[in-house]
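The values are calculated or read from the model by the stated rules, or taken from the named source; none is laboratory data. Predicted model, so just to flag it, every value in this text is computed and none were measured. Note that we place each Cβ from the backbone using ideal geometry, even for glycine, and neighbour counts take in every protein chain shown.
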Amino acid sequence: MNIFEAVIIAIVEGLTEFLPVSSTGHIIITEHLMKLGTTPEEKSFVTLYTVSIQLGAILAVVVIYWRQFFEFRRWQFYAKLAIGVLPALILGYLFADIIDELLFNPTVVAIAMLVGGIILLIIDKAFKKPTVESEDQLSFGKSFIIGCWQVLAMIPGVSRSAASIIGGMQQKLTRNLAAEFSFFLAVPTMFAATAYSLFIKKWPNDTGGVQKGISLITSSQENTMSFVIGNIVAFVVAMLAIRFFITFLKVYGFKPFGIYRIIAGAVLLILLLTGVIHS
C-alpha cells in the first residue's frame, strides 16, 4: 500500500465511520477495487491499517464533544460508556477468529447493506414518541441494551453507527441523542479494537511467521507514514462528517441513508455477479 492508497482509505473511513452506511463495507469495496493485499504481509497491513486509522476518527469525536469527555465530575457518563461497551468487548474477544473470516466477504457486506437500508427506511416511523432527550436521562440499563445492539455491527456491512442508533431509538432516545450516544460509544469500542490489533493480535508476514501490529507498522518507512498520515486524514474528514450528519439528521432523518445503503448494496452485488469484485 502506498501513501496515496492509504489516504484514499482514510478518506473513506472518515466519511463513513459515523454515518449509518457501514464504513467496513465501503472500505472493503475500495480495497477490492484498488486490488490491495496481494501478499500475506501486505494483506495483514491493509487489514491492520483499516482498523488502526479508527484512532483518528475517534479523536474527532473527543475533540467535538470535549466537554462531555473531560468533565470528570460526571462519573455517570463514563460508567454508561463502560457498561455500553461490555457486550462488544466480550463477544468481540470470543469470536474474533470468526469475525476475521467474515470481514473480507463482499457478499456478506452487500446483503447486510441492503437489509440495513430497508430498516433505516422505516426507523423514523417505527420508533415514535421518544422520551429520552439528554444523556443525563439515559439509564445504565438502556446503555447496556444499546451496547447489545452495537454487537450486530460485528457482521460486516451492518454498520456500528446504524446498529447503535437503532438500539438507541428502540430505547426511546431522540434520533439526535441516539446518534450522539453512538458517537460516544464508538470511542471505547474502537479504541479497544485498535489496541488489540496493534499490541495483542499477531499478523502473518511474508516469511511465514507472525508479528504484532505495531511491529508491522514500524517495519518500513512507508507503513509508518501511511499510519500517521492516514490517522490525520481520518481525523479531519471525520470532524466534517460528524458535523454534517447531525445537521442533516435534524432535517431529513434516516430515510436518505436507507436509500443510499440499498443502492450501494445493489451496486456491490452487481460488481460481484459481473466478476469485477470476487467474493
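Couple of notes before you dig in:
- Checked against (1) under 16 Å from ALA57 (Cβ atoms); (2) among the small types (Gly, Ala, Ser); (3) within 19 Å of the chain's Cα centre (by Cα), GLY265 meets all criteria but (1).
- Residues in region 246-261 that are surrounded by fewer than 18 Cβ atoms within 10 Å (Cβ to Cβ) and assigned to a helix (DSSP H, G or I): ILE246, THR247, PHE248, LYS250, VAL251, TYR252, LYS255, PRO256, ILE259, TYR260.
- Being more than 21 Å from ILE259 (Cβ to Cβ) and either in contact with a helix residue (DSSP H, G or I) (Cβ under 7 Å, 6 or more places away or on another chain) or not in a helix (DSSP H, G or I) (or both) holds for only one residue in ILE145, ILE165, and it is ILE145.
- Options GLN221, GLN170: the member that is touching a Phe, Trp or Tyr at 6+ places or on another chain (Cβ under 8 Å), polar (S, T, N, Q) and surrounded by fewer than 24 Cβ atoms within 10 Å (Cβ to Cβ): GLN170
- Residue list for region 56-84, filter: under 14 Å from the mean Cα position of the chain (by Cα) and buried (at least 19 other Cβ atoms within 10 Å of the Cβ): GLY56, ALA57, ILE58, ALA60, VAL61
- Any hit, region 220-238, residues being at pLDDT below 90 and either over 28 Å from GLN150 (Cβ atoms) or not aliphatic (A, V, I, L, M) (or both): no
- Contacts under 7 angstrom Cβ, first residue in region 245-257 being touching a residue at least 24 places away in the same chain (Cβ under 8 Å) and within 18 Å of HIS26 (Cβ to Cβ), partner surrounded by 15 or more Cβ atoms within 10 Å (Cβ to Cβ) and among the acidic types (Asp, Glu), 6 or more apart: PHE254/ASP124
Listed here are the residues, each with its yes/no results for (1) among the polar types (S, T, N, Q); (2) without any contact (Cβ under 8 Å) to a residue 40 or more places away in the chain.
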| position | (1), (2) |
| --- | --- |
| PHE69 | no, no |
| TRP75 | no, yes |
| ALA110 | no, no |
| MET113 | no, no |
| GLY117 | no, no |
| LYS125 | no, yes |
| GLU135 | no, no |
| SER139 | yes, yes |
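- Considering each residue of region 85-95 in turn, at least one proves to be surrounded by 13 or more Cβ atoms within 10 Å (Cβ to Cβ), closer than 20 Å to LEU19 by Cα and in contact with a helix residue (DSSP H, G or I) (Cβ under 6 Å, 6 or more places away or on another chain).
- For region 149-191, a tally of residues being out of contact with any Gly (no Cβ under 9 Å at 6 or more places or on another chain) and within 14 Å of GLY92 (Cβ to Cβ) returns 6.
- Residue ranges of helices (runs of 4 or more DSSP H) in region 1-71 with at least 2 members closer than 21 Å to ALA179 by Cβ and touching a His at 6+ places or on another chain (Cβ under 9 Å): 3-16
- Summed over region 262-279, residues that are in contact with a Ser or Thr (Cβ under 7 Å, 6 or more places away or on another chain) and assigned to a helix (DSSP H, G or I) total 1.
- For region 135-158, the candidate set comprises residues that are in contact with a Leu (Cβ under 8 Å, 6 or more places away or on another chain) and of a type in the set (S, T, N, Q); within that set, the residue that is farthest from ILE29 (Cα to Cα) is SER143.
- One residue alone among ILE214, ILE232 is touching a residue at least 24 places away in the same chain (Cβ under 8 Å), β-branched (Val, Ile, Thr) and either assigned to a helix (DSSP H, G or I) or at negative phi (or both), and that residue is ILE232.
- Of everything in region 192-211 that is outside any loop (DSSP other than H, G, I, E, B), among the hydrophobic types (A, V, I, L, M, F, W, C) and in contact (Cβ under 8 Å) with a residue 12 or more places away in the chain, the residue that is farthest from THR39 (Cα to Cα) is ALA192.
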